[in-house]
Amino acid sequence: MNKVILSFMLLVSFTSASAQVDIDSLPKKKQTPQGLYMTAKQAYEDKVANPLGSVLIDVRTRAEVEFIGFTDLADKNIPYMVHDNESWNQKKNIFLSQPNSNFSIAIEDEISKKGLNKNAKIIVMCRSGSRSAKAANLLSQLGYNNVYSVVDGFEGDKQKTGPQKGQRVVNGWKNANLPWSYKLARTKMYFEE
């Protein structure tokens, strides 16, 4: 009986939390055709409530995960984009990146390892919600029917005004004080095969 009550409370809590994503205010680059979104806090609550029923994929680059941190609640790091350390974007003053050609295969492998299929709930998280939206779109095109994008990502959005203008201090996994660490588990890291 207690399990039923707890499950109901978690469902009510998660349902009310899902109203926190204001879809109308999402920047276009964070929107997905399927319209399935979560905040970092909702993704955390989902994984805690149902750790085996969903898959949380961190789609940031390996460098981001190594130097900015990672949550043990993520099932796997599978980068959506990979850096090309030989090419430079002169306009943005950064290394060029390109789509990970192994992304869809690595996702399929992770889903099947968990004994799930294309109807499983997949939650994708990047730095701030733009790449996760692109990853969610790709997965939807590949037939995955229940893909959520974490709209505020691991680091969150940039502050628009004040002394912290331009810093990622607005929202996101880290700014919500959700569990994360610099210590990485090799089994959750991405290796090209």
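The values are calculated or read from the model by the stated rules, or taken from the named source; none is laboratory data. Model, not experiment: these values are computed from the prediction. Backbone-built Cβ (ideal geometry, glycine too); neighbour counts: all protein chains shown.
Results, tabulated for the structure shown:
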| item | result |
| --- | --- |
| Which numbered condition GLY129 fails, given (1) touching a residue at least 24 places away in the same chain (Cβ under 8 Å); (2) surrounded by fewer than 18 Cβ atoms within 10 Å (Cβ to Cβ); (3) on the phi > 0 side of the Ramachandran plot | (2) |
| Qualifying positions in the range 46-77 - among the β-branched types (Val, Ile, Thr) and under 16 Å from TYR190 (Cβ atoms) | VAL55, ILE57, VAL59, THR61, VAL65, ILE68, THR71 |
| Single residue of the range 81-94 satisfying the filter (surrounded by 14 or more Cβ atoms within 10 Å (Cβ to Cβ) and out of contact with any Phe, Trp or Tyr (no Cβ under 6 Å at 6 or more places or on another chain)) that is modelled with the lowest pLDDT | VAL82 |
| Cross-chain or 6+ apart pairs with Cβ under 6 Å, the range 20-34 first and assigned to a loop (DSSP other than H, G, I, E, B), then aromatic (Phe, Trp, Tyr) | VAL21/TYR37 |
| Conditions (1) of a type outside the set (Ser, Thr, Tyr); (2) buried (at least 20 other Cβ atoms within 10 Å of the Cβ); (3) touching a helix residue (DSSP H, G or I) at 6+ places or on another chain (Cβ under 9 Å); number of the one not met by ALA136 | (3) |
| Filtered residues of the range 37-71 (kept if modelled with pLDDT of 95 or more and part of a loop (DSSP other than H, G, I, E, B)) | THR39, VAL59, ARG60, THR61, GLY69, THR71 |
| Complete set of residues in the range 139-154 that are surrounded by 24 or more Cβ atoms within 10 Å (Cβ to Cβ) and part of a loop (DSSP other than H, G, I, E, B) | VAL151, ASP152, GLY153, PHE154 |
| Residues of the range 155-175 satisfying the condition of being exposed (fewer than 14 other Cβ atoms within 10 Å of the Cβ) and assigned to a loop (DSSP other than H, G, I, E, B) | LYS158, LYS160, THR161, GLY162, PRO163, GLN164, GLY166, GLN167 |
| Lone unmet requirement of (1) under 17 Å from ALA136 (Cβ atoms); (2) in contact with a Pro (Cβ under 9 Å, 6 or more places away or on another chain) for ASP46 | (2) |
| Pair list, Cβ under 7 Å, 6 or more apart: the range 172-191 residue closer than 18 Å to ASP157 by Cα, other residue modelled with pLDDT under 95 and among the aliphatic types (A, V, I, L, M) | ASN175/VAL169 |
| Residues being part of a loop (DSSP other than H, G, I, E, B) and within 22 Å of the chain's Cα centre (by Cα) - total across the range 74-119 | 14 |
